1. What spacing in nm lies between the two simple spin-label points modelled at K92 and S16, each 7 Å away from Cα in the Cβ direction?
2. Suppose each label sits 7 Å from its Cα in the direction of the beta carbon; what would the R37-R115 distance come out to in nanometres?
3. For G33, which sequence-distant residues (separation of 5 or more, or a different chain) have an amide H within less than 5 Å of its own amide H, given hydrogens modelled in the peptide plane?
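Readers should treat all values here as calculations from the given coordinates under stated rules, not as data from a laboratory. Computed from a prediction, not measured in an experiment: that's the story for all the values here. Counting neighbours? That spans all protein chains shown, and the Cβs are built from the backbone with ideal geometry, glycine included.
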Amino acid sequence: MTLDQVMKKPHSLIASDRVEGTAVRRPNGEKIGHIERLMIDKISGKVSYAILSFGGFLGLGASLLPLPWARLTYSREHEAYQLDISDDELKKAPSFLADKDFDWGDRTQEEDLHRYYSVPPYWGSF
């Protein structure tokens, strides 16, 4: 059996390249954006964040929103990741522009991110 055949069988695992580009939708199915990339903790090997790309036009001016992985769920119905967030919450969420970079070395920024989403940080308590 080839790797492609194994990856197409139904199971709970997914290759990272299949997550990138996957839609992120609200519970009602409305599309918010798509997953641009995943951030993986080098030590634990766990997915820490999904970077949501939204807004902009043809990739220009898009905002990138780092989402704690624990905030997303997978919807089989919509074949997308689900995020229950209002437009107002989305606009106020910590984000950065596609031509800028988030300072992943600043734990304070990550703590603020987890507080905003009311989820415990992937590394333990604050």
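1. 3.3 nm
2. Calculated label separation equals 2.7 nm.
3. Distant-sequence amide H within range of G33: V24.
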